[in-house]
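Below you'll find the structure, written out as structure tokens, and then a few comments.
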Amino acid sequence: MDFKNLHINGKRLQSTLEEMAKIGATPGGGVQRLTLTDEDKQARDLFVKWLKELELDITIDEMGNIFGKRAGKNNDLPPVMSGSHIDSQPKGGRFDGILGVMGPLEALRTLHENNIQTERPIVIVDWTNEEGSRFAPAMVSSGVWAGALERDYAYGRTDINGLTFLDELERIGYRGKAPAKKWPVHAYYEYHIEQGPMLEREGLIIGAPKGILCLHWYDIYLEGEANQVGPTPMEGRHDALCATAEMILKVNQLPDKMGGNMVATVGEIQNYPNSRNIIPDKVHFTVDIRSWDDDLAIRAWEDVKADFEAIAHSRGCPIKIEETWRVEHSPFDEKLVQRVLKTAENLGYSNLHMVSGAGHDASYMNQIAPTAMIFVPSIGGRSHVEVEATTWEDCEVGGNVLLHCLIQSANEN
Ligand code: GLV
Ligand code: MN
Ligand code: MN
């Protein structure tokens, strides 16, 4: 059968995205759907309802990952998989993650209404807690599923209020019975917004990353000595926030200092007791280091860690350092990446071979199955913000590329 003229329904994809964007909508036009919150539950419920309408075989595993399987002609063959995440950043955007769940849903709807049966089954997936902003680390449930992380480690992670991942997963009713354990996957595609400026800058529509940078996360805890700010002289203070300020700048200067291709960021900080007239005696902050070169990222960490220890010592602030999480850079399956580029070309869409600076569940999937991603442009290169946007036309284009990649992989022997 010739599928050349088969297209997704762009208007329907738009309306599902708009429907989802109502859940956790923020006044600034974005969404806040932190993992395992009531908003996450509401969006999951809607997703499951839509899966049921397609009569998919639905499984929820012990990490809350939601799978919907569409039967193929030969269900003994490993399926093709596609998905992403429903959760968002605090004050996040309407496209990050959810496009990669609604995109394959739209592709399956298209196959369904055209009575197209593929050789292999196709599985759509929503991975729990991709963002990692409520419970670190990120991509934790694809990590457990792929066998890279321990389930009980994930269950024990706590949010800023001390609530555990497991308690919150149970509270929203999404602790499933199926083991979070990989099965053979023929190919995994993740459809996503670019989250950076390259496609827009080049005037191109489809991006196919050759892979994802490494992600290294650290948590730093400092102790100082609290005191009344007025009567306490400047000399002899042990100000945990001042020590942190020096450390943050060291992180910011790190890429320049190391002279390689990397980025380094402090994005989260808690200061205690956080009163304008008390010298801070406790600070927690995070460090995020990314590069295509894992060794460079490690060397950079060793360098900045030594700076942290020296600063902590000179300010008399005891320091505790946690090496929270590392995922190595992920070079994708070259054949599948080429398929994304070729498919875009065949459909008449301009395209770019690039890299992904953002982390994705595709990193862990890449450890167990041939993996590729499909990117569409982010307006102004902005993401993880309420104004994050991609045109509906581009969402449709990416959906078409996904549809055709899925069909090709699902019809392979
Ligand atoms: C995931 O959103 C990341 O931190 O790149
Ligand atoms: Mn994402
Ligand atoms: Mn994200």
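The values are calculated or read from the model by the stated rules, or taken from the named source; none is laboratory data. Remember, predicted model here, so these are calculated numbers, not experimental data. Cβ sites come from the backbone with ideal geometry, for glycine too, and all protein chains shown count toward neighbours. These accessible areas exclude ligands, DNA and RNA; they are computed on the full protein's heavy atoms, side chains included. Shrake-Rupley method; radii C 1.70, N 1.55, O 1.52, S 1.80 Å.
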Hey, Ile116 surrounded by 21 or more Cβ atoms within 10 Å (Cβ to Cβ), away from ligand 1 (no atom under 16 Å from the Cβ) and at pLDDT 95 or above or not: no
The range 147-170 residues that are farther than 18 Å from Thr324 by Cβ, paired with ones that are loosely packed, with under 14 Cβ neighbours inside 10 Å (beta carbon under 8 Å, 6 or more apart): Gly147/Lys181; Leu166/Gly156
Some residue of the range 49-65 being crowded, with 16+ Cβ neighbours inside 10 Å, touching a Phe, Trp or Tyr at 6+ places or on another chain (Cβ under 6 Å) and polar (S, T, N, Q): yes
Qualifying residue in the range 13-20 (condition: modelled with pLDDT under 95 and either under 25 Å from Leu402 (Cα atoms) or of a type in the set (S, T, N, Q) (or both)): no
Selection within the range 308-326 - surrounded by 18 or more Cβ atoms within 10 Å (Cβ to Cβ) and closer than 26 Å to Ala226 by Cβ: Phe308, Ile311, Ala312, Arg315, Cys317, Ile319
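Which of the residues that make up the range 35-61 are under 30 Å from Lys91 (Cβ atoms) and outside any helix (DSSP H, G or I)?
If the condition is that a residue be under 30 Å from Lys91 (Cβ atoms) and outside any helix (DSSP H, G or I), then Thr35, Leu36, Thr37, Ile60, Asp61 are the ones that fit.
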Complete set of residues in the range 165-188 that are touching a Leu at 6+ places or on another chain (Cβ under 6 Å) and open to solvent by 90 Å² or more (accessible area, probe 1.4 Å): Arg175
Arg109 being farther than 24 Å from Thr164 by Cβ, away from ligand 2 (no atom under 16 Å from the Cβ) and among the charged types (D, E, K, R): yes
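If I ask for residues that are part of a helix (DSSP H, G or I) and away from ligand 3 (no atom under 15 Å from the Cβ), which ones from the range 87-114 would you list?
Answer for the range 87-114, where residues must be part of a helix (DSSP H, G or I) and away from ligand 3 (no atom under 15 Å from the Cβ): Met102, Gly103, Pro104, Leu105, Glu106, Ala107, Leu108, Arg109, Thr110, Leu111, His112, Glu113.
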For Asn5: the one exception among (1) out of contact with any strand residue (DSSP E or B) (no Cβ under 6 Å at 6 or more places or on another chain); (2) assigned by TED's automatic domain parsing to the domain that holds Glu393; (3) more than 16 Å from ligand 3 (Cβ to nearest atom): (2)
Any helices (runs of 4 or more DSSP H) falling wholly within the range 115-217 and containing at least 2 residues that are on the phi > 0 side of the Ramachandran plot and under 16 Å from the mean Cα position of the chain (by Cα): none
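Does Ile407 qualify as being closer than 15 Å to Gly83 by Cβ and touching a residue at least 60 places away in the same chain (Cβ under 8 Å)?
For Ile407, the condition - closer than 15 Å to Gly83 by Cβ and touching a residue at least 60 places away in the same chain (Cβ under 8 Å) - is not met.
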